[in-house]
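Engineer: Before I ask anything, let me first share the structure, which is written out below as structure tokens.
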Amino acid sequence: MCGIIGILGKSDVAPMIVEGLRRLEYRGYDSAGVATIRDGFLDRRRASGRLSALSEKLAAFPLGGATGIGHTRWATHGAPTDANAHPHATERVALVHNGIIENFAELRDELKSKGYSFTSQTDSEVCAQLITYYLRDEKLAPKDAVAKALGRMRGAFAFAIIFSGENDLLVAARRGSPLAIGRGDGEMFVGSDAYALAPFTNRVTYLEEGDYAII
């Protein structure tokens, strides 16, 4: 059972994301990662193994940015490697995902036929590439690209999604996997449960089944 954290903050959020991920360790995991928007561009750090490996990577290669997402993964599609760790990203979008996309192979084949290539074995990367297709090829706005992509997916999911050039936008969605939204003082949070958000806020709302939120 994977863990998700997302923050729209007021200063560099990577340390806060790691703190939230530590509170989700009870779910079990075999890799972890963080992605942020820095100077309008997406950047990320990922590591297989324990959160300490991710912390060491962040210490060696710091990750700035006041908008970010993080994830602890329990491998389903693909081995627990850096390449299969979340967040998955393209030049336009980065996302973290809990759950299983049942029709990912069909979607991946469709995207490959349109010239898209993949660097992982995961169903989650397919979701990032599909949203990118709607952003790049169909010229949809981020929230519309996510809505259209969600309509194509079969299975269970919780998502937190950020976009290059969109420093004040985080999209969250759930179908079958819980996801909570926290409200802070000039900051907003997304997490797999309220416990993960407890260091930041006690004002938490759970998304209902099938909801998605524009934050």
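Engineer: Taking R0 as 41 Å, what's the FRET efficiency between Asp185 and Ala105 from their Cβ-Cβ distance, rounded to 0.05?
Structural biologist: 0.40
Engineer: At a 1.4 Å probe radius, carbon and sulfur cover how many percent of the accessible area of the stretch 1-118?
Structural biologist: Looking at the stretch 1-118 in its full context, I get 52 percent from C and S.
Engineer: Show that you can apply the helix-only estimate: for the chain, add -39,500 (n - 2.57) for every DSSP H stretch of four or more residues, divide by all residues, and state [θ] at 222 nm to the nearest 500.
Structural biologist: Calculated at 222 nm, the ellipticity per residue is -8000 deg cm²/dmol.
Engineer: Ranked from highest to lowest mean number of other Cβ atoms within 10 Å per residue, what is the order of the peptides 140-151, 190-201?
Structural biologist: 190-201, 140-151
Engineer: Note down the relative contact order for the stretch 1-97 as a percent, whole number, built from C-alpha pairs under 8 angstrom at least six residues apart.
Structural biologist: For the stretch 1-97, the relative contact order is 36 percent.
Engineer: Another question, then. Could you tell me the relative contact order of the chain? Use alpha-carbon pairs under 8 Å, at least six residues apart, and round to a whole percent.
Structural biologist: Relative contact order of the chain: 22 percent.
Engineer: Take the alpha carbon atoms of the stretch 175-213, find their center, do the same for the stretch 121-149, and report the distance between the two centers in whole angstrom.
Structural biologist: 23 Å
Engineer: Give me D for the stretch 24-98 in µm² s⁻¹, whole number, from Stokes-Einstein with Rh from the Kirkwood sum over alpha-carbon pairs, 10 °C and 1.306 mPa s.
Structural biologist: The estimated diffusion coefficient comes to 128 µm²/s.
Engineer: Assuming 0.36 nm per residue, please report the length gained on full extension of the stretch Asp168 to Arg152 beyond their Cα-Cα distance.
Structural biologist: Net length gain for the segment: 3.2 nm.
Engineer: If packing is taken as the average count of other Cβ atoms within 10 Å, what order do 85-95, 126-136, 162-172 fall into, highest mean first?
Structural biologist: 85-95, 126-136, 162-172
Engineer: Can you check what the net charge comes to around Gly3, using other residues whose Cβ is under 15 Å from the Cβ of Gly3 (Lys, Arg +1; Asp, Glu -1)?
Structural biologist: Net of charged neighbours comes to +3.
Engineer: Still on this model: So, how do all the Cα-to-Cα distances of the chain break down into 10 Å bins, in percent, from 0 on up?
Structural biologist: All Cα pairs considered, the percentages come to 9, 39, 40, 11, 0.
Engineer: Now, a different point. Can you order the peptides 174-183, 98-107 by their average number of other Cβ atoms within 10 Å per residue, highest first?
Structural biologist: 174-183, 98-107
Engineer: Quick one: if you stick a label point 7 Å off each Cα along the C-beta vector at Arg50 and Ala83, how many nm between them?
Structural biologist: 2.7 nm
The values are calculated or read from the model by the stated rules, or taken from the named source; none is laboratory data. For clarity, every value in this text was computed on a predicted model and none was experimentally measured. Every residue, glycine as well, gets a Cβ built from its backbone with ideal geometry; the counts of neighbours run over all protein chains shown. Only protein heavy atoms, including side chains, enter the accessible area calculation; ligands, DNA and RNA are left aside. Shrake-Rupley method; radii C 1.70, N 1.55, O 1.52, S 1.80 Å.
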